């Protein structure tokens with residue numbers, strides 16, 4: 001009978017240790033909704049922060065873009081649960097970023113200056129224009 005009590009006590013202790021250990025374990029971020037590869041670095045940080053994760057700079061290559069505009073090339077989750085983002089700051093990334101941007105309209109640069117690109121308007125035949133007098 002004493003053996004049964006000792007074995008039962010050991011099983012309860014082992015089960016408790018397993019539950020405590022599971023509570024301490026860091027949850028792995030779900031890769032489907034936390035995948036920020038292809039996003040600009042600043043936006044990727046915002047996305048991950050909104051999900052409750054903190055990401056860290058994991059290195060970069062190229063020097064054409066400022067860090068905040070570099071595209072996330074790879075992301076890695078370390079054994080400590082940290083999310084490392086490796087960046088592509090090359091000309092290829094700059095070209096991809098330019099293709100993703102909408103044409104026309106205001107655009108805020110990395111230095112905080114807003115640039116407005118005018119949208120050309122095609123003149124319509126017979127419509128009043130800057131040189132035509134207003135209708136009577």
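Structure above, values below:
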read-out: Residue within segment 50-66 that is out of contact with any strand residue (DSSP E or B) (no Cβ under 8 Å at 6 or more places or on another chain), assigned to a helix (DSSP H, G or I), at pLDDT 55 or above and loosely packed, with under 15 Cβ neighbours inside 10 Å present; value: yes
read-out: Residue 42 surrounded by fewer than 13 Cβ atoms within 10 Å (Cβ to Cβ), at pLDDT 90 or above and within 15 Å of the chain's Cα centre (by Cα); value: no
read-out: Candidate set from segment 26-37 (those that are surrounded by 14 or more Cβ atoms within 10 Å (Cβ to Cβ) and closer than 22 Å to residue 67 by Cα); member that is modelled with the highest pLDDT; value: 36
read-out: Count of residues meeting criterion [in a strand (DSSP E or B) and surrounded by fewer than 14 Cβ atoms within 10 Å (Cβ to Cβ)] in segment 70-96; value: 2
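The values are calculated or read from the model by the stated rules, or taken from the named source; none is laboratory data. All of these numbers come straight from a predicted model, not from anything done at the bench. Glycine gets a Cβ as well: all are built from the backbone with ideal geometry, and neighbour counts include every protein chain shown.
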